[in-house]
Structures are given as structure tokens and as C-alpha cells.
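The values are calculated or read from the model by the stated rules, or taken from the named source; none is laboratory data. Since the model is a prediction, treat every value here as computed from it, not as a measurement. Backbone-built Cβ (ideal geometry, glycine too); neighbour counts: all protein chains shown. These area figures cover heavy atoms from the full protein model, side chains too; ligands, DNA and RNA do not enter into them. Shrake-Rupley method; radii C 1.70, N 1.55, O 1.52, S 1.80 Å.
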Amino acid sequence: MPPHNPTPAGPSQRQLRVGEIVRHALSDILSRGAIADPDLDGVIITVPEVRMSPDLKQATVLVMPLGGRDADRVLAGLERSRKWLRGQIARRVDLRFAPEIRFRLDTRYDDDDQINALLRTPEVRQDIEGGDRED
């Protein structure tokens, strides 16, 4: 019988649930354009995921401006508005503590494109299609 591993491999159901609640709250705030920051004025920002720490005191928010344009500028605007956004989340989400917020660019789509490009290279296609097999 394998030894019991007290720490799970991935986030708990509670972390996932709270992350989704925080994501919805942030998405709503951002979609209303309520942030008074010139770098965020008129910018559509998607929030594909919020990753909560195990103690639910920190939230890493993955964001991407529409089209990926001016991502660094948008990230800087979100960082400047971080305290205000935390207060808005505290009002909307019923948690013991409002989580500290960290913003990160969501690069998953770029990563997917890189992986797809690698899969189309002749060397990898040959491996995938079963060429040069030694039995």
C-alpha cells in the first residue's frame, strides 16, 4: 500500500470554487469599466482564471486584454488599482478575508500556439506518425 500523501496534487474543490467566485466578481467589475485609470479606459479585459492559495488569502488573477494589445500597460493599470479592486471583491464575495490580488498575464494561448507549431515540425510528425520505428 503506497504511503498517504497529505497534500493533494492540485487545488482543492474549495480553492477552485472560491477562485471561480472571485473571477466572476472581477469580471463583472472590469466589464462595467468602473476603474478610473487611463491605462484601463476602454480596454476589454478577460479573466480566464483565478488561482487561490490553499489558505484563500492570495488570489493570482490571470488576465488578458482583448487581442493581447498593450498587455504590459494594462497589467500596470490593474496593479495600480489592486487595493480598490480588493475592496470591491470584499463587498461582493462573502469570505472571512478579502484575498490579496496578484495579476499575471494569461499566456496559455501563446503556449498552445508554440506547442502546435512544435507538433507540426517534421521531426515530431515523424515520431507521431510512427516513422523510423525499431522493433
Between LEU66 and ASP127, the two model label points (7 Å from Cα along the beta-carbon direction) sit apart by a distance in nm of 4.0 nm
Chymotrypsin sites (Phe, Trp or Tyr not before Pro) in the range 1-105 lying in a DSSP loop, each with at most 14 other Cβ atoms within 10 Å of its Cβ, come to PHE97
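Leaving out ligands and nucleic acids, note down the accessible area per residue over the range 1-110 with a 1.4 angstrom probe, in whole Å². Each step should come with its number before you reach the end.
Numbers: 7280 Å² over 110 residues.
Normalised by residue count, the accessible surface of the range 1-110 is 66 Å².
Ignoring ligands, DNA and RNA, what percent of the accessible area of the range 8-85 is carbon or sulfur (1.4 Å)?
For the range 8-85, the apolar C and S fraction of the accessible surface comes to 52 percent.
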For the range 98-107, Karplus-derived ³J(HN,Hα) couplings (6.51, -1.76, 1.60; θ = phi - 60°; whole Hz; x for glycine and proline) come out as 6, x, 5, 10, 10, 9, 9, 6, 7, 9
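Could you compute how fast the range 12-82 diffuses translationally, taking Rh as the Kirkwood radius over C-alpha pairs and applying Stokes-Einstein at 10 °C with viscosity 1.306 mPa s? Give it in µm² per second. Let's see the in-between values first.
Numbers: Rh = 12.6 Å.
D, rounded to a whole number, is 126 µm²/s.
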